[in-house]
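Structure first, then comments.
Just so it is clear, none of the values below were taken in a lab; they were calculated from the coordinates. Because the structure is a prediction, the values reported are computed rather than measured. Every residue, glycine among them, receives a Cβ derived from its backbone with ideal geometry; neighbour counts consider all protein chains shown.
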Amino acid sequence: MKIAVCINHVPDTAAKISITSDGKGVETSGAAYVVNPYDEFAIEEALRTKEKLGGETIAISLGGEANKETLRKALAMGIDEAILLKDENVRDSLSVAKALSDEIKLIGAEIVFFGKQSVDYDNSIVGQLVAELLNYNSITTVVKLNINGNNIVAEREIEGGKEIVETSIPVVITTQKGLNEPRYASLKGIMAAKKKTIIEKQPKSYQNYVEIIELKRPAQKQAGRILGTDASAVPELVRLLREEAKVI
Ligand SMILES: Cc1cc2nc3c(=O)[nH]c(=O)nc-3n(C[C@H](O)[C@H](O)[C@H](O)COP(=O)(O)OP(=O)(O)OC[C@H]3O[C@@H](n4cnc5c(N)ncnc54)[C@H](O)[C@@H]3O)c2cc1C
């Protein structure tokens, strides 16, 4: 059985991001990049699934040369094979999903893991699109997973509770924090990963249907005002909350 995991290479959320001069993109030079945090749960679950069922794990990433760093991390954690669908152009989610689906179909993976969302554009849609394109079953935001033969029982996080669902292979699963504790790459794993070849492929181009018109920073927060340091400031504070902020 082939188990695929799709992983994205994203700007570190702790890094300061700057917008390109045309206002439509993110400045990539100098920015720190990491494996998309939700994809680490997907990698770990792919490894656990192989440990339980056997088979082969394959990590796939679509993007530029830099995505190899993320694929290398997956290999160091224990993934068997890594494929880079090399494309330096920014694609919309559907175009990403179409290219990933082509590759998943080609390698014949029947269990496919995704993170629940990618922390760059946060669309939370690529996994579901791939499931639809491949006509696979799909379970999203999974926090517990039990694969038994062809049968899959999963627990999903929903507003104010949990939902237990059942389905069968072939399946796309998107992973949520809490599903597992991603392992650290061992020194042996890191050394072995350095020697492994990352397979590079040219994905088919697909039309983008969504275009970024403009990226904007959130409005600067105004500095706070100190009205006083004792109880005498309370009447003015209440007046301002009522008349200016209009919150009481
Ligand atoms: C600075 C910057 C540079 C970019 N450069 C490129 C580029 O060179 N080439 C390019 O094609 N796109 C590029 N993109 C687009 C990027 O790949 C987006 O992440 C992609 O469009 C999906 O975003 P999303 O929010 O729709 O993903 P979501 O739907 O939120 O992602 C859900 C899950 O889908 C999977 N996934 C998402 N994107 C990928 C991917 N690219 N590869 C493998 N799995 C994925 C992951 O498992 C992820 O957890 C760039 C984006 C930014 C911000």
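Side notes on the structure shown:
- In this rough spin-label picture, where each label sits 7 Å from Cα along the Cβ direction, the L106-D230 distance is 7.6 nm.
- The simple Förster model, with R0 at 45 Å and r as the Cβ-Cβ distance, assigns T20 and A192 a FRET efficiency of 0.75.
- Placed amide H near D12: partners under 5 Å, 5+ positions off or other chain: A32, Y33, V34
- By the count of other C-beta atoms within 10 Å, a proxy for reagent exposure, M1, M77, M191 are ordered fewest to most as M191, M1, M77.
- Ordered by the count of other Cβ atoms within 10 Å of each Cβ, fewest first, F41, F114 give F41, F114.
- K246-T167 pseudo-label distance in nm [points 7 Å out on the Cα-to-Cβ vector]: 4.5
- Within the listed set A231, A193, A109, the residue fluctuating most in the Gaussian network model of the chain (springs between alpha-carbon atoms under 10 angstrom) is A231.
- Given +1 at the Cβ of Lys and Arg, -1 at the Cβ of Asp and Glu and no other charges, the dipole of the chain around its Cα centre is 440 debye to the nearest 20.
- Whole-Å distance, taken between Cα centres, linking segment 88-121 and segment 171-247: 21
- Net charge in the neighbourhood of D122 (other residues with Cβ under 14 Å of its Cβ; Lys, Arg +1, Asp, Glu -1) is -2.
- Considering only segment 2-201, percent of DSSP beta bridges that pair antiparallel, nearest 5: 40
- GluC sites (Glu not before Pro) within segment 204-248, DSSP loop, no more than 10 other Cβ atoms inside 10 Å: E211, E214, E244
- The count of lysine pairs in segment 1-151 that are at least 8 places apart or cross chains, and whose C-alpha atoms lie under 17 Å apart, stands at 9.
- Counting neighbouring Cβ atoms within 10 Å and putting the fewest first, the residues Y136, Y121, Y209 line up as Y209, Y121, Y136.
- Rg followed by Dmax, in Å, when the chain is reduced to its Cα trace: 22.2, 73
- Dipole of the chain computed with +1 at Lys/Arg Cβ and -1 at Asp/Glu Cβ about the Cα centre; of Q128, I213, I7, farthest Cα towards the positive end is I7.
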